[in-house]
Amino acid sequence: MNDLRVDWLGQATQRLIDIRQSAAGWPYRQGGVPAAEPTAWCSLAMLALDPESKTSLDLSMASAMWLASIQRADGAVGISATQRTPEWPTPYALLLWTSLGRNTGACTQATNWLLSHQGIVFEKPPGSPLGHDTTIAGWSWVEQTHSWLEPTAMAVLALRRAGLADHPRVREGISLIVDRAIPDGGWNFGNSIAFGRALRPKPAPTGMALLALAGVVEKSDTIGRALDYLESELPTVRSGLSLGFGLLGLMAWGRRPAGSAIWLKEAWPAVAIRADGALPLATMMMATTLRTLSLLGLPMVSGGEHG
Amino acid sequence: MADSNHDPSGKRPFRLSRRNLIVGTGGAAVIGGATAFFADRFLQPADVFIAKASDYHVDIASIVRHGFAELGITRRQIAGKSILLKPNLVEPATEAPHINTHPVFIHGVATAFLSMGAREIIVAEGPGHCRDTYLVLDESGMSAVLRDSKMSFVDLNHDDVDVVANHVGKTSLKELFLPQTLRRADWIVSLPKMKTHHWVGATLSMKNFFGVLPGICYGWPKNVLHREGIDQSIVDIVGTVKPHLAIVDGIVAMEGDGPVMGDPKIMQTVVMGTNLPAVDATCCRLMKLDPGYLAYLSMASRVLGPIAENRIVQRGETIASMAQLFRLVDDPMMAKFRPV
């Protein structure tokens with residue numbers, strides 16, 4: 001499997017730079033305030049695409065410094081400089097810092113914060129309509145709420161990248177992700193079964209879950225069904241965030257559908273004109289290159305194109 | 001917009017007072033006149049208009065304009081105004097279009113407002129489960145409608161936010177984070193889907209406002225609100241946002257395991273009103289649910305508006321002629337919504 005050959009990457013990089021303008025970081029929406037998640041994620045995309053370029057390095061270093069400047073004393077990173085809660089962007093900042101190999105103090109603090117916080121766990125009462133195991137601790141979007149798939153997947157990724165793949169919290173987070181898989185394949189946003197019915201899988205959370213599990217679990221039926229789900233679903237998906245994460249999830253397991261480059265090219269025009277296109281654009285860019293896997297600390301898996 | 005506008009038709013004046021309700025920038029919003037607002041809503045009887053709409057091929061804009069007339073909403077109140085339409089776009093689901101407010105319905109409402117001179121139509125939503133809002137738009141068919149229309153779209157989940165005092169206080173939340181886009185709008189219009197809901201009985205024009213709270217602050221799902229109590233949160237949000245109008249898509253509704261896993265229910269109904277508890281109570285009666293058994297409506301009736309049948313003036317079709325039994329999910333917890 002090689003990097004995808006696509007002709008829009010130069011324009012996409014410029015579009016990301018345009019959205020940031022001269023701000024300290026990337027906003028969710030062009031002209032808005034810089035926010036932690038898009039700042040970290042877009043910086044990672046720039047590094048994945050062109051790790052040697054001065055522009056990538058300058059912007060990423062500035063992002064890392066800005067993220068460190070808004071880090072709270074307890075190690076958490078909130079939404080933005082003024083919006084200090086909730087703390088779910090913390091793993092995104094940690095991923096960037098560890099990828100750059102800088103800000104070691106900030107990394108340590110963020111790591112400690114993640115390890116000392118978890119989503120609420122509880123014993124299900126008899127007759128509960130929830131199908132998943134509510135006693136497994138992962139990470140929540142907001143403190144004092146239940147663990148959900150996406151913040152858990154990102155925390156697992158970031159802590160693995162920080163060298164803590166064998167930490168009990170990471171192992172438990174992995175267990176949570178596996179437990180939340182939908183029986184017929186893929187992941188929903190958090191629940192697997194409710195009121196006796198399996199929920200519908202979605203591409204982005206499925207891609208995130210596959211990223212978080214790559215290299216730390218064996219290729220089981222759960223993984224196989226999720227990969228099959230993405231390969232059947234992505235041909236019809238042209239929304240950048242879902243397509244990007246779906247392809248990343250496949251790539252982490254050595255799978256690259258033959259139509260990937262075409263799908264991304266078809267998704268590009270709509271994302272390019274969106275003022276709030278930074279996150280999907282960054283995700284699509286990352287899905288084109290195998291360097292994303294090494295940047296996220298994931299193993300390269302042999303595989304190839306098929307469709 | 002003036003606080004009070006009198007309709008030459010002689011119907012009860014429709015009150016709008018948004019501009020003095022949310023003021024301020026940089027995270028410091030101030031709500032004024034809240035007490036008066038609640039007193040108005042609580043004390044006055046409310047008009048609710050029920051219309052028949054056989055399917056999504058009918059002229060929805062005409063139905064909505066008829067509703068405006070029945071509710072005493074005039075061109076003068078709409079002309080030149082910025083209209084924010086808040087549909088219920090919960091999840092991407094091409095295989096289950098009855099999850100979401102139908103895009104044709106949203107387009108029809110927008111057309112009605114534009115025909116009355118509205119300056120702009122903003123469709124705004126922060127889906128409750130899915131981070132990829134644009135996947136929801138694609139799979140609901142909304143993207144195609146937006147491309148061919150004069151409507152713009154804002155993803156409320158990722159908007160910059162204002163911090164606004166919670167002026168109801170049914171939850172322990174002292175403040176709510178609200179998207180700044182709400183401040184752009186002169187009218188905030190709830191466009192929900194008529195659906196059963198496995199936690200609160202029914203999701204209608206009030207529950208729809210969970211979708212204005214940004215996911216970046218509340219998560220996906222907005223689990224903070226579940227922790228605080230869904231019923232209490234609904235009342236706090238509606239009492240703080242103070243929407244002006246609700247137009248319910250009950251053409252193809254949802255019964256059973258709503259809000260996302262239920263089955264389509266052919267209802268052929270549109271429900272409109274400026275008082276959201278009254279609109280939702282009417283919808284409940286159309287679904288053969290007693291609104292008094294829905295905790296958030298019971299709470300709302302004490303602070304936001306009437307739900308009692310004798311305090312709601314039904315216009316258009318009658319409840320008796322349109323009501324159908326909506327099946328609830330098969331779970332013992334549902335008994336509280338429809339006691340035997």
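We did not get these values from a lab; they are worked out from the coordinates using the rules stated. Computed from a predicted model, the values in this text were never measured in an experiment. Here the Cβ is made from the backbone with ideal geometry for all residues, glycine too, and neighbour counts use every protein chain on show.
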Quiz item: Amide H to amide H under 5 Å from B:Ala202: which residues, 5+ apart in sequence or cross-chain, H placed 1.01 Å off N in plane?
Solution: B:His197
Quiz item: Could you give the distance between the Cα centres of the stretch A:76-124 and the stretch A:184-206, to the whole Å?
Solution: 26
Quiz item: What percent do you get for the relative contact order of chain B when only Cα pairs under 8 Å and 6+ apart count?
Solution: 22
Practice problem: Among DSSP beta bridges lying fully in the protein assembly as shown, give the percent that are antiparallel, nearest 5. | Solution: 50
Quiz prompt | Antiparallel DSSP beta bridges within chain A, as percent of all bridges there, nearest 5 | solution = 55
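If a helix is a whole DSSP H run, which ones in chain B reach 27 Å or further along their own axis (Cα) and hold a mean Kyte-Doolittle hydropathy of at least -0.5? Walk me through the intermediate numbers first.
On the way: long enough: none.
None clear 27 Å together with a mean of -0.5.
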Quiz prompt | Karplus 3J(HN,Hα) series, Hz, for the stretch A:158-164 with 6.51 cos²θ - 1.76 cosθ + 1.60 (x for Gly, Pro) | solution = 5, 5, 4, 4, 7, x, 10
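For chain A, the longest stretch holding no GluC sites (Glu not before Pro) located in a DSSP loop with at most 11 other Cβ atoms within 10 Å is which? Please list the in-between numbers first.
Values: sites that count: A:Glu52, A:Glu123, A:Glu218.
It works out to A:124-217.
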Quiz prompt | chain A: relative contact order in percent, alpha carbon pairs under 8 Å with at least 6 residues between | solution = 19
Practice problem: Hey, can you grab everything whose amide H is under 5 Å from the amide H of A:His146? Only 5+ residues off in sequence or another chain; H modelled, so Pro and N-termini drop out. | Solution: A:Ile120
Quiz item: Along the stretch A:9-23, what does the Karplus equation 6.51 cos²θ - 1.76 cosθ + 1.60 (θ = phi - 60°) give for ³J(HN,Hα), rounded to whole Hz, x for Gly and Pro?
Solution: 5, x, 5, 5, 4, 5, 5, 4, 5, 5, 5, 6, 6, 9, 6
Self-check item: Under-5 Å amide H pairs with A:Gly215, H placed in peptide plane, nonlocal only
Solution: none
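Suppose only helical runs count, i.e. DSSP H with n ≥ 4. What mean residue ellipticity at 222 nm does that imply for the protein assembly as shown under -39500 (n - 2.57) per run, divided by all residues and rounded to the nearest 500 deg cm²/dmol? Walk me through the numbers on the way to the answer.
On the way: 26 runs with 258 residues, N = 647.
Calculated mean residue ellipticity at 222 nm is -11500 deg cm²/dmol.
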Quiz item: Given labels modelled 7 Å from the Cα in the Cβ direction, how far is it in nm from A:Lys219 to B:Gln324?
Solution: 4.8
Practice problem: For the stretch B:326-332, take each phi angle, set θ = phi - 60°, evaluate the Karplus expression 6.51 cos²θ - 1.76 cosθ + 1.60, and give the result in whole Hz per residue in order, putting x for glycine and proline. | Solution: 8, 5, 9, 4, 7, 8, x
Exercise. Identify all lysines with a Cα-Cα distance to B:Lys195 below 21 Å; exclude those on the same chain that are fewer than 8 residues away in sequence.
Key: B:Lys52, B:Lys86, B:Lys207, B:Lys222, B:Lys265, B:Lys288, B:Lys336
